[in-house]
Amino acid sequence: MSVKQLNASTADVAVSVPVSSQPSMISADRPVEAEVSESPEKPGSRGTQKRLFRESVWVVGGRVLGIATAIGLNVVLVRVLPPADVGVFFVLGSIITFAAIVAMFGTHTGLVRFVSERIGVGDAEGAKAALRQGAKFAAIAISVGSVLTMGFLYFAGEPLFGLKHLEVIAPLVAVSVFGAAVIQLCASLLRSFHDSRFSILLTGQFGGPLCNLLFIGLAVGLSLFAVVSLKQVMLFCAISLCLLTPIAIMILYRVGKTRLREIAIDDQPSEALPMSVLLLACLPLMLAQSLSYITGQADIWIGGAIVDHDELALYGAARRLMLLIGMPMQLVNLTVIASIAELRAQGRLDELQRILRFAATLAAIAALAVCIPLIAFPAQITSFIFGSYYAEGATVLRILCLGQIVFVSAGAAELTLMMSGEHMKALWINVVTSIVLLVAGVMLTSTFGIVGLAIACASIISLQCIGFCLYARWSVGVWTILDLRVLRSLPDIARTTAQKWTK
């Protein structure tokens, strides 16, 4: 999902006020905010559109590869592990992703915002200062988060989720959390430099498509010679992430150094980003993203605590197919994340709204094209991909599809709130929906099993997305939902795209 906010209190004024009012980041005599009513044909508008087109090509290709490798990884695991171990792997994978989000402490979003804002106004030194301060903060936060994850599994893994062999699995999970957090932070910062080529290859639950391919190779290679166990699978996960971590850091360093050299030197002095400002920005973002992830993934934890692991494997397999429906929205988020901060800082809200609604419309069309076959033939599709045992999750798949349609149609509302300094509103929406999901999820799962869990998950996600859309309109001043009028311009867009590809 994305990020949201709901309450701009005076304690958060340093974070939530518009960029132009932050003295530590922007000089008082430098105009940043502009009137919304300005003409959409501003200098730089065409450049923004060209850049977004170029980035979208890389994002689409890379994300398709990422989804394919993620599903391929699950296809391999369901064939080399028994259903009970597959259910446990889904729980551990969810814990790794959630712990990595917490360990990053919001730096993967906060730093993108600060760096993109500085680049947007031509302040290379300010961008460097933000990167240096953020790197120090992130190194400490990620290390502490990894250690806390290992301690949590040692003491709570067995009573909460029925996990075994924690003396081996807990350290492997901690190492995986560290690698996943560093890789995702690097991928996010690469987007602030508008480098979608490498960032998309590093984006994903287990480190992106490159890491997934390495993971798949290790699992398949061992399965040819021996019976694969859950402990070995978690070892492969940790190895894949550790091998990719130094590569991600090196790529970020080289891309950032090259990009900042291209920015014209600003005569006005830049102040270093205070650690207090970074902390005040990242803390609400981390809480909002953590709660957002809880809303999107707590169903796996609830299922792991209540239902049998064999039954959880059915639910987890259906959840993995949701990647296909949510992929268009992920492409939108990855493409526009840096541009949201830049366009809002420049006051180009009309252009921002057009980009967001256009992207949401295309994402919804693509999602429906995937969703209709899944709703019509759920048993046949799950049986073909994962095996005959997983066809029993057909009802769960249908219910989850409905929630994903609402999620995609809402557009990048949560991300818009987060990248516009409205993270407190996102935080409170996440607080409410997370509590409701935990209560409703436990009640419905205890009564109706994984079908009840799917109903709770789809309903809460739909309500959450509606809340994000409304607050994005009220707080930022833009709609993010799909706009069917865009369909009339699709033939012209297709011709323009074909011409660009020809050139």
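Comparing Ala364, Gly393, Leu352 along the charge dipole axis of segment 278-399, the residue lying farthest to the positive side is Leu352, per the Cβ-charge model.
Note on segment 326-446: Cα convex hull, mean projected area over all directions, 8.9 nm². Dividing the alpha-carbon radius of gyration of segment 88-187 by the rule-of-thumb value 2.2 N^0.38 Å gives 1.29. Ranking Ala174, Leu189, Phe236 by how far each Cα lies toward the positive end of the dipole of segment 154-300 (charges on Cβ) leaves Phe236 at the top.
Across segment 370-441, the volume of the C-alpha convex hull divided among the residues equals 112 Å³ per residue.
Bear in mind these aren't lab numbers, they're just calculated from the coordinates by the rules spelled out. Not measured: the values here are computed from a predicted model. With ideal geometry, Cβ positions are generated from the backbone for all residues, glycine too; neighbour counts draw on all protein chains shown.
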